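I have placed the structure first, in the form of C-alpha cells, so that the comments after it can refer back to it.
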Amino acid sequence: MSGRARQTEELDDSPVQVSHRGTQPGRATRPAATPLAGRAAAPAARAPLAAPRSGAARAPKAQAPAARLLTFDRLFFAAAALLLLFGLTSSTERYLTPTRGVGYALGIIGGSLMLLLLVYSLRKRWSWLAFLGSTPSWFRFHMVLGIVGPLCILYHANFSTGATNSNVALFAMLTVAGSGFIGRYFYAHVHYGLYGRKLELSDVRAGAEKLRSLSGNMSFLPELVGRIEVSEQRLLDAGPHLALLGFAKPLVVALATVRERWRLHRYLRHALKAGARADRVLAAEQRRLMRAARSYIDRRLAATKRVAEFAGYERLFSLWHALHIPLIFMLIIAAVIHVIAINVY
C-alpha cells in the first residue's frame, strides 16, 4: 500500500470531523477553539463527534409522554364544583322537597353512599374481603363517595338548615367531608401519588441525593453549592424537635424555605452581575446561567424541604386518621337519629 493511501485511510478512521466546504478531500480540519477553553470556571468542551457514515439511519430521540390535561379526577371534581355552585346560587326548593319525590330519594341515595364509605376501612383491615377488589381501587371509590354522597344530601336539604336533628346530621356530614379533603392533602405528602404506596424517609432522601450529584453543573459559581448546602442544613434543623409539636414542623419548614430561597436568589443575582462585569463570556450567557442556577436552587430546596417536613406530615396524617374515624361514627349515629325522627314524628 502506498504512503498516500495509508495516510488517507488513517484520516478516514480518525474521529476528527471532516469539513466538506472549501477543503480538499481527505484533509482534516481542526475543531474551532471555544472561547471558554482554558477557564477553570467554564464547563468542559464537548468531544468532537465522528461524521456519520453514508446510509446509516439516525436513531429517533425518545420523547417523554405528554401529560394528560383532561383526566377523570379533574373532570369529576370540576363537575362536582359546578353542581355545588348551582345548588348554592339557585332556589332548589322550587324543584325538590325533602319529604317526597326526587328530594326524598336524594336523601336515601346520599345516606347509602355515606354508609358505603365504611367498606374501604373494612377492606383495608380484613384480607378475606379481597374478592371485593383491590385496596387502591376502593380508596379511589371512597373518595368519589365522599363527594357524591354529601352533594346528594345537600340537594336533599335544599342547601339550608331545618329541624334540630336535621341540622346535627347535616353539620356532622359537612365536618366529615371537610375532614376528608384535609386528609387527602396530608395523604399526598406521605404516599407515592394519590393512590400509591406509603413513602419511606429513605425514598425521599434518595431523591434529594440525586440532585446533589448534579452540583458539578454549577461550576461557574463555586460558592453557590456551598451556600445551598448551608441552607439545606438550616431547613433540616428548622421546626420544633418535640414529638408533641411535630405537627407544626411543615409550616415552619415552609416559611424557612421561602427565606432561604430569597437569600440564595439574591446572592445569585449579585454574583452573576459581578462576574459579568469582569468576564465578557459570562456576560453574554448571564440570562441563561441565571435561569439554570435558579432552577437548580429551587429543585434542591424543594427536595430538602420534603425531607425536612416528612416526619411532620406523618404525624399530621396519624392525628387526622385518629380523628376522622370517630367523626364517621358520629355521622352514622346522627343520620340514624335523623331517619328515626323523620319517620316517627
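Every read-out reported here was derived from the displayed coordinates using simple, explicitly stated rules and does not represent laboratory data. As the structure is a computational prediction, the values presented were derived from the model and not from experiment. We place every Cβ from the backbone using ideal geometry, glycine too, and count neighbours over all the protein chains shown.
Assign one of three labels to the range 268-309, namely rounded, prolate or oblate, based on the Cα gyration tensor with a ≥ b ≥ c the square roots of its eigenvalues; rounded applies when a/c is under 1.5, prolate when it is not and a/b is larger than b/c, and oblate otherwise. Present the calculation step by step, with values, prior to reporting the outcome.
Numbers: a/c = 5.64, a/b = 3.04, b/c = 1.86.
Prolate, since a/c reaches 1.5 and a/b exceeds b/c.
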Net +/- balance of residues flanking residue 142 in space, Cβ distance below 11 Å, scoring K and R +1, D and E -1: +4
Using Cβ contacts closer than 10 Å as the measure, can you line up 277, 140 from fewest to most? 277, 140
Remind me, relative contact order of the range 85-150 in percent, using alpha carbon pairs under 8 angstrom and six or more residues apart? 34 percent
Taking a ≥ b ≥ c as the square roots of the Cα gyration tensor eigenvalues, with a/c under 1.5 meaning rounded and otherwise prolate when a/b beats b/c or oblate if not, the range 128-180 comes out prolate
